[in-house]
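The values are calculated or read from the model by the stated rules, or taken from the named source; none is laboratory data. Bear in mind that the values here come from a model prediction, so they are computed numbers and not experimental data. A quick note on method: Cβ atoms are made from the backbone with ideal geometry, for glycine too, and the neighbour counts reach across all protein chains shown. Note: accessible area is taken over every heavy atom of the protein model, side chains too, but ligands, DNA and RNA are not part of it. Shrake-Rupley method; radii C 1.70, N 1.55, O 1.52, S 1.80 Å.
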Amino acid sequence: AQAMVTEKVEGLPLNLWIEQNGAIEQDLAFDWFKQLITSANALHEQGFLHRDIKPDNIIVTGNRHLVLIDFGTICRIDPRRSTNSQIKQGIETYPVAGTYGYMPPEQSEGRPEPASDYFAIARTIIHALTTTHPSDLEQQPDSSIEWRSQAPQVSELFAEFLDRLATPNHLYRPANASKIIEYVDDLPTRITADQ
C-alpha cells in the first residue's frame, strides 16, 4: 500500500505571492520551472499524476522555494497510454479533475498523461510572468493563449519553449522531464549567444 505523507509548509500560496510581488523575472522563472518539473516528475516516477497544478496549489517558502501541495486529485498513470502517443481506443477515461486555464484538453476529456502536468506547469509559469490567470489572456483559435506582450522580460527562446509545453495538442508537447530540465538549464547560454 502506498500513502502520501503530508506536512505543514510555511509560506504563501503562489497566487497570493504573485498578487503581492508582481511579475517574476526570467531567471526566477527558470528556477521555479525546474523545481515544478522536478516535483511533478518525482510524482510521475511513483506512478501518479497530480492533475491540478496551479498557483493556488503551490506554496512559496521564505527562500523562494516552491512546494507542490493538494494531492486530492492525483490518479494513477495508465500504463496503456504512453505519453505523447496517439490515444488508444478503448482505454478507460478518468473522472475529470483540474482547473480551467491550467488543464489541457486531453485531461478535460478524462485522458490525462504526464505531459498534462507539464502543460499546467507552463501555464503556471506564464501566470507568474504576466500576473494574469491563463483564462483571462487572449485565447487563440487553436485554444493556445497570447501572453508574450504582457511579459517583455521573457526571451524569445524561453517564450517559444513555454508555448510548446502549453500547446493544447499533447502530441506536440515535450514529455521527457530530464530532457525538459536539460533544455532549461542550457537556455541562459543559448539566450546569451542569440543576442
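For this structure, a couple of remarks:
- Selection count, segment 29-42, where residues are free of Cβ contacts under 8 Å to residues at least 60 places away in the same chain and over 16 Å from Asn63 (Cα atoms): 2
- Being open to solvent by 10 Å² or more (accessible area, probe 1.4 Å) and of a type in the set (D, E, K, R) is true of Asp142.
- Qualifying residues in segment 35-59 (those that are in a helix (DSSP H, G or I) and charged (D, E, K, R)) - the one surrounded by the most Cβ atoms within 10 Å (Cβ to Cβ): Asp56
- The number of residues in segment 145-161 being buried (at least 17 other Cβ atoms within 10 Å of the Cβ) and within 19 Å of Tyr100 (Cβ to Cβ) comes to 2.
- In segment 115-151, the residues that are small (Gly, Ala, Ser) and within 12 Å of Leu165 (Cα to Cα): Ala115, Ser116, Ala120, Ala122, Ser144
- Residue in segment 112-124 that is basic (Lys, Arg), in contact with a Phe, Trp or Tyr (Cβ under 7 Å, 6 or more places away or on another chain) and either within 19 Å of Ala42 (Cα to Cα) or not in a strand (DSSP E or B) (or both) present: yes
- The numbered conditions (1) within 27 Å of Ile77 (Cα to Cα); (2) at pLDDT 95 or above; (3) surrounded by fewer than 16 Cβ atoms within 10 Å (Cβ to Cβ) are all true for Ser108 except (2).
- Filtering Ile69, Ile53, Ile77 for residues that are among the aliphatic types (A, V, I, L, M), touching a Leu at 6+ places or on another chain (Cβ under 8 Å) and at pLDDT below 85 leaves a single hit, Ile77.
- Of the residues in segment 134-148, not one is assigned to a helix (DSSP H, G or I) and in contact (Cβ under 8 Å) with a residue 60 or more places away in the chain.
- Number of residues in segment 170-186 that are open to solvent by 30 Å² or more (accessible area, probe 1.4 Å) and in a helix (DSSP H, G or I): the value is 9.
- Within segment 17-34, the set of residues being under 12 Å from the mean Cα position of the chain (by Cα) and open to solvent by 30 Å² or more (accessible area, probe 1.4 Å) comprises just one member, Lys34.
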